[in-house]
Amino acid sequence: MARSSEKAPDNGRGVVIMDDWPGYDLNLFTYPQHYYGDLEYVLIPHGIVVDRIERLAKDIMKDIGYSDIMVLCVLKGGYKFCADLVEHLKNISRNSDHFVSMKVDFIRLKSYKNDQSMGEMQIIGGDDLSTLAGKNVLIVEDVVGTGRTMNALLSNIKKYKPNMIKVASLLVKRQPRSDGFRPDSHMRDQRAR
């Protein structure tokens, strides 16, 4: 079932970046010239991101049980993470005894207008959400901040009575105003900014 704020312990699946982590020296990496002078260090190397996404895919397949998946990608930020995650999920399916059918749909969540909370979340795009009834739903989000928007989305999706809802997030920010929500699968805690 979907995570709620009451059941949101950190399940140990993420990589935690401590607040005092100095990052990696820039001389260890190549990066686009237009970033010269703007970067001080590399916080998360690309290879770690790729490895964690592969592991997230394995964890998701284990959690969902090699069943068909309806993937809801939260745009705009979640697009690249979702594409990489779905590719790893497909590779696992291809190399297993069980074929897993995956459909991907895209939604945008709007809860702010001009940096002010509207108090209510609006879901933009996506097919008719009533088609989620009885399905295993994987919500893919790039960053979970306070968790309020994700909790609102989960409440909305639960109305359609899916079989299962899982949330995968690339990053989870530690924030003082957090409601304690943690995705089922996530990459790491990011320093609060």
- Item | Contour minus Cα-Cα distance for I123 and H34 (0.36 nm per residue) | 28.5 nm
- In Å², what does the accessible area per residue of segment 26-151 work out to with a 1.4 Å probe? 61 Å²
- Task: Would you mind calculating the gained length between D68 and K159 on full extension (0.36 nm times residue separation, minus the Cα-Cα distance), in nm to one decimal?
- Result: 30.7 nm
- Note on the structure: Two pseudo-spin positions, 7 Å from Cα along C-beta at V16 and at N91, lie apart in nanometres by 2.9 nm
- Label S111 and R174 with points 7 Å out from Cα along Cα→Cβ: what is the distance between them in nm? 2.2 nm
- Task: Order E141, E54, E40, most accessible first, counting only protein heavy atoms with a 1.4 angstrom probe.
- Result: E40, E54, E141
- Message: With a 1.4 Å probe and all protein chains kept in place, how do T131, T149, T30 rank by accessible area, largest first?
- Response: T30, T131, T149
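The values are calculated or read from the model by the stated rules, or taken from the named source; none is laboratory data. In this text, all values refer to a predicted model and were calculated from it rather than measured experimentally. Virtual Cβ from ideal backbone geometry, glycine too; neighbours counted across all protein chains shown. Quick note on the areas: whole protein, heavy atoms, side chains included, nothing else; ligands and nucleic acids left out. Shrake-Rupley method; radii C 1.70, N 1.55, O 1.52, S 1.80 Å.
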